[in-house]
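Visitor: The structure's right below; bear with me while I get my questions together.
Throughout, read-outs are computed from the coordinates displayed, never taken from laboratory work. Only a predicted model underlies this, so the values are computations on that prediction, with no experimental measurement involved. Here the Cβ is made from the backbone with ideal geometry for all residues, glycine too, and neighbour counts use every protein chain on show.
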Amino acid sequence: MPQLDVNTFPSQIFWLVLCFSILYIAISFWFVPKIESIQSVRARQIKRHIGKAKTCQEQTQLLLKEYEAILQNAKDEAVDIITKTHKKAQEESLILETEISAWLKKELKIVERKLDQEQKMTQEDLSEAVNEITKTLEIKIKSSQESFDLARVIQEKVFHV
């Protein structure tokens, strides 16, 4: 086997050291620094992004608290407005109810007076009609007319037909 030939060892060791040295120098001075710079750039970006995210989160929390405070104030104002409007409506309703009640009492008194007057007039008219019917009946009975129509007489005297 030629690999185990001792005469070729020095040349193999030379090429091994030369290739290993070139590879080591290339990796340690060219590839590793590039990888390290990329990692450090990424680490800085990650830290910056994390910082921005924390700042945004804090701002979001502050805005959320402000929003909740504004919303609560709006709810409180709405409740106050509703309460005031309700009280005002109740007061106005009470005032209108009082006014309407007074007006109705006044109108009721007027109607009662008119009814009393109408009742008196009707009683007077009825008394007159009864008196006239009675007189007519008396006259008819005294004159002894047999063809006398009581319904026609009542109609004439009461209904003025």
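Visitor: Is it possible to state the helix-based mean residue ellipticity at 222 nm for the chain, with each DSSP H run of 4+ residues giving -39500 (n - 2.57), the sum divided by total residues, to the nearest 500 deg cm²/dmol? What is it?
Guide: Numbers: 3 runs with 139 residues, N = 161.
It comes out at -32000 deg cm²/dmol, rounded to the nearest 500.
Visitor: Nearest 20 debye, what's the magnitude of the dipole of the chain about its Cα centre given +1 on Lys and Arg Cβ and -1 on Asp and Glu Cβ? Could the numbers behind the result be given before it?
Guide: Details: 23 positive and 24 negative charges, 301 e Å.
I would put it at about 1440 debye.
Visitor: So I have [x] 62, 25, 24; [y] 187, 43, 19; [z] 42, 38, 30, and one of them is Cα extents along the principal axes in Å calculated from this model. Which one is it?
Guide: The listed entry that was calculated here is [y].
Visitor: Between exposed chymotrypsin sites (Phe, Trp or Tyr not before Pro) in the chain, where DSSP calls loop and at most 16 other Cβ atoms lie within 10 Å, what's the longest gap?
Guide: For chymotrypsin sites (Phe, Trp or Tyr not before Pro) (loop position, at most 16 other Cβ atoms within 10 Å), the longest site-free span of the chain is 1-147.
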